[in-house]
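Before any comments, here is the structure.
The values are calculated or read from the model by the stated rules, or taken from the named source; none is laboratory data. Keep in mind it's a predicted model, so treat the numbers as computed, not measured. Here Cβ is always computed from backbone atoms with ideal geometry, including for glycine, and neighbour counts include all displayed protein chains. Just the protein is used for accessible areas: all its heavy atoms, side chains included, with ligands, DNA and RNA removed. Shrake-Rupley method; radii C 1.70, N 1.55, O 1.52, S 1.80 Å.
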Amino acid sequence: MLNAKPTIKSTLKALLYLLPMLVISITFSIYPIIKSFIMSFYTKYDFFKDIVSQYGIDNFKFIFADPDFHLAVKNTLIFVVGVVPLTVIISLVIALLLNRIKWLAGFFRTVYFLPFVTSTVAIAQVWHWIYNSDYGLLNYFLGFFGVNAISWLESPKYAMLALIIMSVWKNLGFNIILFLVGLNNINERYYQAAKIDGANAWHQFTNVTIPLLSPITFLVSVNGVIGSFKVFDEIFALFNGTPGPSKSALTIVYYLYQKFYTEWKYGIAAASGVILFFMILLVTVFQLWYSKRHVHY
Amino acid sequence: MEVTFKDVTLSYDGKREILHHLNFTIPEGTLVSILGPSGCGKSTTLMMISGLLAPTSGQIFFGDQDVTKKDALARKVGMVFQNYALYPHLSVLDNIEFPLKMAKVSKKDRKKKAIELAKLVHIDDQLDKKPGALSGGQQQRVAIARALAKEPSLLLLDEPLSNLDARLRIEMRQEIRRIQQETGVTTIFVTHDQDEALHISDHIMVLNQGHIQQFSSAETLYDNPSNLFVAQFIGEPVINTLDITDFAGELDGQIDADILQRTQKVGIRPEALQDHNTVANTLATITTKVTRSEKYGREKNALLEFHGQRLLTTEVQADVTDGQELPLYLQRNGVYLFDKDGVRIFGGDQDA
């Protein structure tokens, strides 16, 4: 019955339906989140006996004073600012081009989608070769334009750029697919109406495509921001288990990983995780607020 | 602006022709309907006038200018789409302003013009709303205002009323007529609804299977249908159609023998079957049997049987009971004879 009022029995029944997913979420998401929040306040902790003898905010004090953490935050922000806009723009342009061609469109879609289904480690290995300062393809091509060989992975100056280029490329495939879906959802009638109204190709793009694609652009950028803030495996794989030459690619998650797995400072690792959580939350809330005014559903 | 089609043909894939050798002229300042059943090519014709579709062969003229090669951008017509195609992200005002913005009209002037148009179509109290928040009728008014914004010399309407409910449809078609007369813009109106076409237009072009069946005024279309298709398509209730072989000599002597010889189909308008004799106008008398008579509102219909065929009449004055025999008088001005190709060979003004 559509108008049935909830009863204790019906609520219990609903709970039963929810139970399988609830068990999994609570065990693997909710509990770890709460636990890491609490853990960030552990100041004296015996890991082997799981005894916490003191709570406090010393962990936060430590990371706020730690130059490594400052560097990690800076690098993370550079990475986000470098990767997200480039990913959005390049994948939109490629999607627009793919949308135009009829010939072999499916083939190209598959080619562009491949990076998404390939393991990060394999991709990083390939880029390792591309970036090789002596025999790498990239330096080979740059050589045509008279650019001297760049040691992409060994120089602290270029390591972040190398990481950003690889990450943008890796993100393209999935975002192109999303943009293609968005483009196909725009009714042809709007373009016809725009033509009738005197809009040339560029005006059709800015007045029809861009606004009507905004929900997808929003999805892609929120997704990209969250994913980029959490970057880790690309760094680990590209720089062979180091945070880049002289920590030039040290990000927050990499910092967290080091504190947790190599230094066994669980409280500090948890505290940096909490900071990351709030940074992502802040940016996402800002994006949501922005989207209320500029995204047209 | 006058629109002329010269021998225009369109085929989508090069094999299947949608429109065959269209030739017509739409006079300046008139409201012309293109009427036909679904898939007859009427929207396609409109798309070719707008420039969104190019003809496969033939020429299109606006006035004496050949626009065949020009696209929609260059032709500068106004168009209202079937589903309105209002930009969902723009307010009503911005939607109406859009063509002016594209024409690089200054911000102040285009706002003034847009408000003027909004007043013309009675939508000026909804300017800040998004199209999604408007009813179908309001959306349609916005679409008309937008189409009129750049003062086109030609306004195209593609089934603009088909998404509205019955009462609103009647209101809006009067509105379109009013706006057309106030602005004097040449208007082409595509519809599959004969009632709409008959009420709104100066001239109607009846299209079927990519051929123009007849292009004339509403009255002529009804009184002098040029062929069986037009006779059957125009008129509500539908004209009674019988084979000439269904008659047992009732028409003999009333109509020239050589015409009867060539006749294949006989069309009789429901109002041309009277149960009372008006001698001067009576062509023949037939005897029928009442199967059913029904009355709703001011409509009174009787279903009859005539030599095993069904007939419908709206002109039975006497009270009749089902199963009763009823002599009917065929009125001269509602009987048409068609030859084997469906061409009218008797009836209408020529034989009145």
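General observations
- Some residue of region A:247-265 being among the charged types (D, E, K, R), within 30 Å of A:PHE48 (Cα to Cα) and open to solvent by less than 20 Å² (accessible area, probe 1.4 Å): yes
- Odd one out for B:GLY308 among (1) more than 26 Å from the chain's Cα centre (by Cα); (2) among the small types (Gly, Ala, Ser); (3) at negative phi: (3)
- Residue match in region A:132-154 (condition: assigned to a helix (DSSP H, G or I) and under 28 Å from A:ILE226 (Cα atoms)): no
- Candidates are the residues of region A:200-209 that are open to solvent by less than 40 Å² (accessible area, probe 1.4 Å) and among the polar types (S, T, N, Q); the one that is nearest to the other protein chains (Cβ to nearest Cβ) is A:ASN207.
- When B:GLN174, B:GLN140 are checked against the criterion of being open to solvent by less than 60 Å² (accessible area, probe 1.4 Å), away from chain A (no Cβ under 12 Å) and outside any loop (DSSP other than H, G, I, E, B), a single residue qualifies: B:GLN140.
- A:GLY136 meets the stated requirement of being without any contact (Cβ under 8 Å) to a residue 24 or more places away in the chain and not hydrophobic (A, V, I, L, M, F, W, C).
- Number of positions in region A:173-190 that are facing chain B (nearest Cβ under 9 Å) and crowded, with 20+ Cβ neighbours inside 10 Å: 1
- Candidates B:GLN232, B:GLN264, B:GLN180 - the one that is surrounded by fewer than 22 Cβ atoms within 10 Å (Cβ to Cβ) and either part of a helix (DSSP H, G or I) or of a type in the set (Lys, Arg) (or both): B:GLN232
- Members of region B:204-229 found to be part of a strand (DSSP E or B) and out of contact with any Pro (no Cβ under 8 Å at 6 or more places or on another chain), listed by number: B:ILE204, B:MET205, B:VAL206, B:LEU207, B:HIS211, B:ILE212, B:GLN213, B:PHE215, B:SER216, B:ASN227
- Any hit, region B:304-316, residues being loosely packed, with under 14 Cβ neighbours inside 10 Å, closer than 23 Å to B:ASP193 by Cα and not hydrophobic (A, V, I, L, M, F, W, C): no
- B:LEU168 being hydrophobic (A, V, I, L, M, F, W, C) and not in a helix (DSSP H, G or I): no
- Region B:198-214, subset in contact with a helix residue (DSSP H, G or I) (Cβ under 7 Å, 6 or more places away or on another chain) and among the aliphatic types (A, V, I, L, M), residue most open to solvent (accessible area, probe 1.4 Å): B:LEU198
- The set of residues in region B:1-33 that are outside any strand (DSSP E or B) and surrounded by 14 or more Cβ atoms within 10 Å (Cβ to Cβ) comprises B:MET1, B:GLU2, B:GLU28, B:GLY29, B:THR30.
- Just one of the listed residues (B:LEU157, B:LEU148, B:LEU207, B:LEU164) is at pLDDT 90 or above and over 12 Å from the mean Cα position of the chain (by Cα), namely B:LEU157.
- Members of region A:210-244 that are within 11 Å of another protein chain (Cβ to nearest Cβ), surrounded by 16 or more Cβ atoms within 10 Å (Cβ to Cβ) and in contact with a helix residue (DSSP H, G or I) (Cβ under 8 Å, 6 or more places away or on another chain): A:LEU212, A:LEU213, A:SER214
- The criterion of at least 2 residues that are modelled with pLDDT of 90 or more and either within 9 Å of chain A (Cβ to nearest Cβ) or open to solvent by 50 Å² or more (accessible area, probe 1.4 Å) (or both) is met, among helices (runs of 4 or more DSSP H) falling completely within region B:34-105, by B:42-50, B:92-102.
- Set side by side, the residues B:LEU35, B:LEU86, B:LEU120 differ, and just one is in the same structural domain as B:GLN174 (by TED's automatic domain parsing) and under 26 Å from A:ASN200 (Cβ atoms), which is B:LEU86.
- The set of residues in region B:317-332 being open to solvent by less than 50 Å² (accessible area, probe 1.4 Å) and either of a type in the set (Val, Ile, Thr) or in a strand (DSSP E or B) (or both) consists of B:VAL320, B:LEU326, B:LEU328, B:TYR329, B:LEU330, B:GLN331.
- Evaluated against (1) modelled with pLDDT under 90; (2) among the acidic types (Asp, Glu); (3) under 21 Å from A:PHE232 (Cα atoms), A:ASP50 falls short on exactly one condition, (3).
- For B:ASP341: the one exception among (1) part of a strand (DSSP E or B); (2) of a type outside the set (A, V, I, L, M); (3) open to solvent by 70 Å² or more (accessible area, probe 1.4 Å): (1)
- Any helices (runs of 4 or more DSSP H) falling wholly within region A:1-88 and containing at least 3 residues that are in contact with a helix residue (DSSP H, G or I) (Cβ under 6 Å, 6 or more places away or on another chain) and loosely packed, with under 10 Cβ neighbours inside 10 Å: none
- Tally of residues being open to solvent by 60 Å² or more (accessible area, probe 1.4 Å) and over 20 Å from A:PRO115 (Cβ atoms) across region A:148-169: 6
- Counting the residues of region A:95-117 that are within 20 Å of the chain's Cα centre (by Cα) and open to solvent by 30 Å² or more (accessible area, probe 1.4 Å) gives 5.
- Contact map, region B:113-127: residues that are acidic (Asp, Glu) paired with residues that are buried (at least 17 other Cβ atoms within 10 Å of the Cβ), Cβ distance under 6 Å, separation 6+ or inter-chain. Pairs shown: B:ASP124/B:ALA118.
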